[in-house]
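Data block below; observations after.
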Amino acid sequence: MLGIIVEGFYDEKIIRAFTSRILPGDTVIRSVGGKTKLRQKLRGWLEFFRHYEQNGKIHKVLIIRDQDQECIKLVVEDLQNLVSDRDYPFQIKYCVIKAAIEAWLLADEQAIAQAVDKNVPVVHETLEDIQNPKGRLVSILSEAKLNYTDERAGQIAEAADLETIAYRCPCFQRFRQTIADC
């Protein structure tokens, strides 16, 4: 069974929508309340997964964090250093999403259009190079007179075509492969 730790509630809804399509079955996802809290609570959540046995033991834990304009390598090293002095009975993997998870949602304008019930223009830029993909998505939703909520993020992710996201966002392809390998 797979355990996943994500930064926030929006991320949890999005990741749940994607993982349920990639790896049907039991996946336990926990959000920690932001990037800072991820650092603070990481060890505690890993201990939670150590003792989790409701539907079976956790065999792999995936820690997911947005890049937020930081060096991906340094983000991973920081997370690894937080737990380097402990042994866990599961494998720990790290997924740093280039830019932010909303880049993945921007990949499929038809999924966004379905969620807002209006046509949405294609974002032609390289999605993982957009400095503020969340701001871009909020802008698109605002034009449709809608707010960006965790529920709406989950709706977009549910409707999104995974192949389109993988084609437009190489980081998503790595995420998908990590999930599929469980």
For this session: Quick one: V28 ticks every box in (1) under 20 Å from Q91 (Cβ atoms); (2) over 14 Å from the mean Cα position of the chain (by Cα) except a single one, so which number is it?
Result: (2)
For this session: Could you grab me the full set of residues in region 42-67 that are surrounded by fewer than 16 Cβ atoms within 10 Å (Cβ to Cβ), of a type in the set (K, R) and at pLDDT 95 or above?
Result: R43
Problem set entry | region 20-40: number of residues that are farther than 16 Å from L79 by Cβ and assigned to a helix (DSSP H, G or I) | 3
Exercise. From the list K118, K57, which residue is assigned to a loop (DSSP other than H, G, I, E, B), closer than 30 Å to K145 by Cβ and basic (K, R)?
Worked result: K118
Seminar exercise, completed: Flagged in region 135-158 as out of contact with any Lys or Arg (no Cβ under 8 Å at 6 or more places or on another chain), closer than 13 Å to L106 by Cβ and either of a type in the set (A, V, I, L, M) or in contact (Cβ under 8 Å) with a residue 40 or more places away in the chain (or both), in numbering order, are L137, V138, I140, I156
For this session: Take region 99-134 and flag every residue that is touching a residue at least 24 places away in the same chain (Cβ under 8 Å), under 23 Å from R65 (Cα atoms) and of a type in the set (D, E).
Result: E102, D108, E128, D129
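The values are calculated or read from the model by the stated rules, or taken from the named source; none is laboratory data. This structure is a prediction, so every number in the text was calculated from the model and none was measured. Positions of Cβ are generated from backbone atoms using ideal geometry, with glycine treated the same way; all protein chains shown enter the neighbour counts.
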